[in-house]
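Below: one structure, written as structure tokens.
The values are calculated or read from the model by the stated rules, or taken from the named source; none is laboratory data. These numbers were taken from a predicted model, which means no experiment stands behind them. Neighbour counts run over all protein chains shown; Cβ positions are idealised from the backbone, glycine included.
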Amino acid sequence: MSNRNFVLSFFSFASCLCAAQNSFEGPRYDLEEKEPIEFVAVYKSKDHTMSNANGRYEFTSSLDTVSFYRLGYKKITKSFAALTDTFYLEKAPYELEEVIVVNAKTLW
């Protein structure tokens with residue numbers, strides 16, 4: 001009888017953990033061009049994924065917030081409750097101060 005109680009308790013606990021997962025999917029678009037953005041990192045601590053060529057992703061986490069980032073765009077952190085089906089990332093260009101090109105070898 002104690003094994004049966006243990007098994008029931010285990011499955012009850014496991015189902016509670018599964019119910020506590022937050023899951024969301026949707027596209028990410030460029031604010032100016034209204035085009036899908038590929039390779040947007042969607043993450044929080046150890047849970048992470050990336051958007052595909054259509055800007056779509058699917059993300060599941062037990063935590064309350066999620067962050068979106070891609071080089072050249074501003075990082076956004078939102079709670080799962082504040083996420084909408086579609087939202088836009090704003091460009092934030094990364095400017096280099098100086099680029100030096102050097103030819104280390106000669107052809108002859």
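So here's what we get for this one:
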{"quantity": "Segment 32-63, residues that are touching a residue at least 40 places away in the same chain (Cβ under 8 Å) and buried (at least 16 other Cβ atoms within 10 Å of the Cβ)", "calculated": "Ile37, Val40, Ser61"}
{"quantity": "Hey, Ser23 at pLDDT below 90, assigned to a strand (DSSP E or B) and over 10 Å from the mean Cα position of the chain (by Cα) or not", "calculated": "yes"}
{"quantity": "Residue among Glu90, Glu98 that alone is among the acidic types (Asp, Glu) and exposed (fewer than 10 other Cβ atoms within 10 Å of the Cβ)", "calculated": "Glu98"}
{"quantity": "Single residue of segment 64-87 satisfying the filter (of a type in the set (D, E, K, R) and assigned to a loop (DSSP other than H, G, I, E, B)) that is surrounded by the fewest Cβ atoms within 10 Å (Cβ to Cβ)", "calculated": "Asp85"}
{"quantity": "Enumeration of residues in segment 34-52 that are more than 19 Å from Asp85 (Cβ to Cβ), modelled with pLDDT of 85 or more and in a loop (DSSP other than H, G, I, E, B)", "calculated": "Phe39"}
